[in-house]
Ligand code: GLU
């Protein structure tokens with residue numbers, strides 16, 4: 001009867017042996033990222049993707065992408081493209097690691113084939129329970145303080161005859177296909193690579209394998225796909241831990257070898273002294289686009305992720321920042337359990353360090369790419385004179401202690417607007433300043449583009465002497481009554497007239513890039529306007 005039923009339910013579906021033969025060999029370490037196209041990529045999903053990617057890389061294995069789009073209700077328009085674009089942007093997707101055939105909605109016949117087998121073996125059956133009936137069962141179970149679900153005596157369609165089933169189908173009664181579960185569950189032990197040895201009660205629920213539209217549930221698709229695609233390590237969010245007994249029941253039913261599992265804890269944040277998961281609904285930083293828009297370097301995000309995977313990575317990184325991340329030996333056993341605090345301050349710190357180590361050309365290229373997408377106006381100004389912009393970005397960098405003040409590329413425009421005439425003009429000077437005009441005049445009259453830093457500095461000291469400003473601040477602090485001010489004030493006058501800012505990176509370098517003509521024009525303009 002089972003064979004007859006299997007053929008009746010799935011007349012045109014190939015036998016599983018056909019797909020068994022397509023199974024990829026799982027000798028090589030293989031991981032995957034399997035997002036559902038329910039919207040943008042969550043920061044926690046990118047973190048999961050990165051962990052899968054890095055473990056494959058350090059083990060000289062393979063990492064691939066699978067799109068899990070079988071839940072039609074949660075699917076959104078263009079969902080697949082949004083995900084694939086983001087993964088490509090982060091270089092996690094390439095021509096080799098994703099194929100059309102890795103989209104679950106293109107694989108429905110494969111799932112049906114294995115379910116056909118399960119029906120044949122009498123381990124799966126069509127179930128005609130209506131929503132109403134299921135609700136009644138649940139109410140009863142709550143009242144009797146029994147386990148909720150469809151199992152044992154509640155699985156009333158387990159043993160229909162072929163004719164009864166055919167009659168129901170002829171009458172167009174909707175049905176799902178359920179697993180015929182074990183009614184006498186034992187205790188099982190499962191080893192998780194992060195969480196260690198776990199003990200569960202075996203699955204005793206007749207879980208759904210195919211839904212009413214005959215698309216698979218996550219559980220079924222996960223077991224079939226990961227097995228056929230040669231996954232060796234399933235690294236996924238720990239919300240799936242409690243489903244492990246179901247997954248092991250399916251391995252057994254399908255006669256597949258169980259894979260290795262590593263369940264990772266969610267990214268959390270601290271709000272009002274409470275720690276909670278980063279939530280799509282409440283937190284703007286849940287959307288990865290938030291970081292891309294601000295211009296955080298993608299690599300800096302990965303480096304920060306790496307510090308979350310294994311806390312001892314951080315020390316290694318600061319000593320080996322020139323080496324690729326995957327030279328560090330990441331280990332599952334050193335991963336946090338329970339929750340992983342996502343600390344923006346720490347990300348900022350790492351990002352600043354990372355940017356400070358970029359060489360002139362890479363920094364310029366990264367900033368250009370960012371501006372091209374997110375700030376077209378500034379992009380046009382910025383690339384108008386490439387060498388000039390490279391020099392601007394390189395102020396106080398490519399040296400022993402490079403500046404570590406920029407954490408993301410969106411900061412650059414405000415930071416260096418005064419290096420671009422059009423942007424400089426848009427900002428006004430303050431109305432009342434106590435700037436000594438004669439000092440500015442003396443400064444510009446003596447300024448020479450070719451002075452080395454020492455000569456330049458000496459000229460400022462000479463101005464200090466002439467106008468009775470202390471040429472070092474310590475001296476001024478000892479005898480403030482002796483002086484009008486100190487050398488810091490003189491720098492501030494010049495800096496302010498030229499940049500409209502009180503603080504900037506090294507003034508000498510700024511002036512060298514602007515050149516005397518522009519510097520003079522700005523100073524004269526300042527004097528005339530004040
Ligand atoms: N599509 C599942 C999710 O987005 C994937 C879980 C897994 O990695 O197996 O949660």
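The set of residues from the stretch 224-241 being within 10 Å of the ligand (Cβ to nearest atom) and either in contact with a strand residue (DSSP E or B) (Cβ under 8 Å, 6 or more places away or on another chain) or closer than 17 Å to residue 19 by Cα (or both) comprises 225, 226, 231, 234, 235, 236, 237, 240. Among the residues in the stretch 9-22, are any more than 16 Å from the ligand (Cβ to nearest atom), surrounded by fewer than 16 Cβ atoms within 10 Å (Cβ to Cβ), touching a residue at least 60 places away in the same chain (Cβ under 8 Å) and closer than 30 Å to residue 262 by Cβ? Yes; the residues of the stretch 9-22 include at least one that is more than 16 Å from the ligand (Cβ to nearest atom), surrounded by fewer than 16 Cβ atoms within 10 Å (Cβ to Cβ), touching a residue at least 60 places away in the same chain (Cβ under 8 Å) and closer than 30 Å to residue 262 by Cβ. Looking only at residues of the stretch 394-413 that are in contact with a helix residue (DSSP H, G or I) (Cβ under 8 Å, 6 or more places away or on another chain) and under 16 Å from residue 509 (Cα atoms), we find that the one that is surrounded by the fewest Cβ atoms within 10 Å (Cβ to Cβ) is 398. Determine, yes or no, whether residue 64 is part of a strand (DSSP E or B), more than 15 Å from the ligand (Cβ to nearest atom), touching a helix residue (DSSP H, G or I) at 6+ places or on another chain (Cβ under 9 Å) and modelled with pLDDT of 95 or more. Against the criterion (part of a strand (DSSP E or B), more than 15 Å from the ligand (Cβ to nearest atom), touching a helix residue (DSSP H, G or I) at 6+ places or on another chain (Cβ under 9 Å) and modelled with pLDDT of 95 or more), residue 64 does not qualify.
Only residues that are over 13 Å from the mean Cα position of the chain (by Cα) and within 12 Å of the ligand (Cβ to nearest atom) were counted in the stretch 28-56, giving 7.
Here the stretch 421-438 is the region considered, the condition is being outside any helix (DSSP H, G or I) and touching a residue at least 40 places away in the same chain (Cβ under 8 Å), and the residue that is farthest from the chain's Cα centre (by Cα) is 436. For the residues 245, 216, the requirement of being under 24 Å from residue 127 (Cβ atoms), within 16 Å of the ligand (Cβ to nearest atom) and in contact with a helix residue (DSSP H, G or I) (Cβ under 7 Å, 6 or more places away or on another chain) singles out 216. Looking at residue 387, is it in a helix (DSSP H, G or I) and over 28 Å from the mean Cα position of the chain (by Cα)? Here the answer is yes, as residue 387 does meet what is asked.
The values are calculated or read from the model by the stated rules, or taken from the named source; none is laboratory data. Note that the coordinates shown come from a computational prediction; the quantities given were computed from them, not determined experimentally. Don't worry about glycine lacking a Cβ; one is built from the backbone with ideal geometry, like all the others, and counts go over all protein chains shown.
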